[in-house]
Amino acid sequence: MRIRSLKLRELRMQLIAPFETSFGRSDIRRIFLVEAQVDGVSGWGEVTAGGNPFYSPETVDTAWHLIRDFIWPLLKDQPLETAEQVSERLKPIRGHNMAKAGVETAVWDAEARIKQLPLWKLLGGTREEIACGVSIGIQSSCEQLQALVQKELEAGYQRIKIKIKPGWDLEPVRYLRERYPQLRLMVDANSAYSLDDTPLLKELDRFHLMMIEQPLAWDDIYDHATLQKQLHTPICLDESVHSEAHARAAIGMGACRIINIKLGRVGGHAAARRMQAYCAAHGVPVWCGGMLESGIGRAHNIAMSTLPNFTLPGDVSASRRYWKQDIIEPEVEVTTRGTIPVRQEPGLGYQPRLDLIERLTIRQEVLS
Ligand code: OSB
Ligand code: MG
């Protein structure tokens with residue numbers, strides 16, 4: 001295989017409703033698509049960095065710079081046997097996993113299309129239907145939160161994650177638990193707490209949550225180990241696991257019992273596949289996190305979620321929860337059992353809607 005060119009596009013897409021986390025509010029998303037031309041076939045990927053460095057250090061603009069000035073020069077004119085080799089070629093570049101993943105996942109899609117295989121099969125996926133949960137942002141009242149939870153449960157979603165922050169934590173959790181004693185419920189703090197908050201975090205133990213996601217600093221593992229020893233509720237790491245080495249450290253230190261894998265944060269499919277296998281070998285289940293992706297990133301998340309150790313419902317949900325119109329055909333839909341059946345077509349199994357993509361594009365650049 002040889003990558004002939006990369007086409008970078010930035011789209012403006014408005015979320016159906018603003019999404020609020022402990023680090024900020026998202027309304028209009030800057031969607032960054034990568035189209036890789038490989039042996040006459042187009043493969044598509046998405047860079048999941050946001051417009052600001054509040055979730056991770058990367059942004060849309062840093063990723064654009066990295067792809068144009070460093071990633072493309074390492075790939076241009078280099079023959080590749082498989083997409084698996086892309087991350088190896090990009091090793092000289094430290095960090096910038098979201099930029100790398102946008103390109104790497106596009107090449108995986110291209111390879112699958114060339115081989116006429118569904119991407120999930122090429123990756124080694126073992127399930128034909130993935131389990132779905134939803135992530136619900138911070139709301140202005142418990143009543144409003146409950147209305148959203150009720151709607152998602154009626155749609156069939158298998159677990160509910162709510163975003164928490166200081167001042168919006170025990171109260172919404174207690175409110176939901178009283179009304180839904182059996183609900184598979186978890187919380188995500190996006191690094192809003194410190195070890196000083198241990199007493200408060202221990203109070204959450206009473207609500208038998210499935211897990212507490214990333215309570216402490218985005219770049220910490222050690223303090224999470226200190227905290228996990230004092231909690232019954234499993235800690236799940238998101239922000240602070242960027243590589244297999246981080247997963248080894250976190251598991252070795254007892255910093256978490258579950259890991260959220262995001263393609264962007266770990267640098268693509270090859271890294272995600274190795275990480276989920278390492279976690280499996282150490283008794284740590286994983287699930288697929290979301291970054292408010294367009295259909296392209298969402299389709300990659302679905303493919304990754306078919307790997308064997310993705311045994312917990314992920315944050316991969318229907319297109320219509322985010323967008324009035326998604327940029328893929330068909331859109332991602334969720335069954336009343338709260339699952340997404342995988343597609344059997346080659347590659348992602350969802351086609352990019354070029355007309356709509358062109359209309360939403362505000363900037364593009366071809367690297368060749
Ligand atoms: O921490 O998982 C997170 C969205 C943006 C940035 C970080 C996170 C999230 C979500 C939303 O929780 C998941 C989704 O529905 O895509
Ligand atoms: Mg998270």
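The values are calculated or read from the model by the stated rules, or taken from the named source; none is laboratory data. Treat the numbers as computed from the prediction; the structure is a model and nothing was measured. Every residue, glycine among them, receives a Cβ derived from its backbone with ideal geometry; neighbour counts consider all protein chains shown. For accessibility, only protein heavy atoms count, side chains too; no ligands or nucleic acids. Shrake-Rupley method; radii C 1.70, N 1.55, O 1.52, S 1.80 Å.
Observations on the structure shown:
- Restricting segment 145-190 to residues that are among the aromatic types (Phe, Trp, Tyr) and surrounded by 19 or more Cβ atoms within 10 Å (Cβ to Cβ), the residue that is nearest to the chain's Cα centre (by Cα): Tyr157
- Qualifying residue in segment 193-202 (condition: more than 28 Å from Ser319 (Cβ to Cβ), within 16 Å of ligand 1 (Cβ to nearest atom) and among the hydroxyl-bearing types (Ser, Thr, Tyr)): yes
- Among the residues making up segment 340-367, those that are within 13 Å of Glu129 (Cβ to Cβ) and either open to solvent by 10 Å² or more (accessible area, probe 1.4 Å) or of a type in the set (D, E, K, R) (or both) are Pro341, Val342, Arg343, Gln344.
- Residues that are farther than 30 Å from Glu178 by Cβ, touching a helix residue (DSSP H, G or I) at 6+ places or on another chain (Cβ under 8 Å) and away from ligand 2 (no atom under 13 Å from the Cβ), drawn from segment 208-244: Ala217, Ile221, Tyr222, Asp223, Ala225, Thr226, His242, Ser243, Glu244
Matching residues to (1) acidic (Asp, Glu); (2) part of a strand (DSSP E or B); (3) surrounded by fewer than 21 Cβ atoms within 10 Å (Cβ to Cβ):
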| site | (1), (2), (3) |
| --- | --- |
| Arg29 | no, yes, no |
| Phe32 | no, yes, no |
| Glu35 | yes, yes, no |
| Gly45 | no, yes, no |
| Pro53 | no, no, yes |
| Pro57 | no, no, yes |
| Trp64 | no, no, yes |
| Arg68 | no, no, yes |
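- Matching residues in segment 31-49 - criterion: being in contact with a helix residue (DSSP H, G or I) (Cβ under 7 Å, 6 or more places away or on another chain) and either within 16 Å of ligand 1 (Cβ to nearest atom) or not assigned by TED's automatic domain parsing to the domain that holds Met98 (or both): Phe32, Glu46, Val47, Thr48, Ala49
- Checked against the criteria, Arg248 counts as over 30 Å from Pro341 (Cβ atoms), modelled with pLDDT of 95 or more, away from ligand 2 (no atom under 16 Å from the Cβ) and open to solvent by 10 Å² or more (accessible area, probe 1.4 Å).
- Only residues that are touching a strand residue (DSSP E or B) at 6+ places or on another chain (Cβ under 6 Å) and assigned to a strand (DSSP E or B) were counted across segment 329-368, and they come to 13.
- Members of segment 203-224 that are assigned to a loop (DSSP other than H, G, I, E, B) and within 16 Å of ligand 1 (Cβ to nearest atom): Leu209, Met210, Met211, Gln214, Pro215, Leu216, Ala217, Trp218, Asp219, Asp220
- In segment 307-330, the residues that are at pLDDT below 95 never reach a residue that is buried (at least 24 other Cβ atoms within 10 Å of the Cβ) with C-beta atoms less than 9 angstrom apart, at least six apart or across chains.
- For segment 321-334, the count of residues that are open to solvent by less than 10 Å² (accessible area, probe 1.4 Å) and not assigned by TED's automatic domain parsing to the domain that holds Tyr157 is zero.
- Of everything in segment 253-269 that is assigned to a helix (DSSP H, G or I), hydrophobic (A, V, I, L, M, F, W, C) and buried (at least 22 other Cβ atoms within 10 Å of the Cβ), the residue that is nearest to ligand 1 (Cβ to nearest atom) is Leu263.
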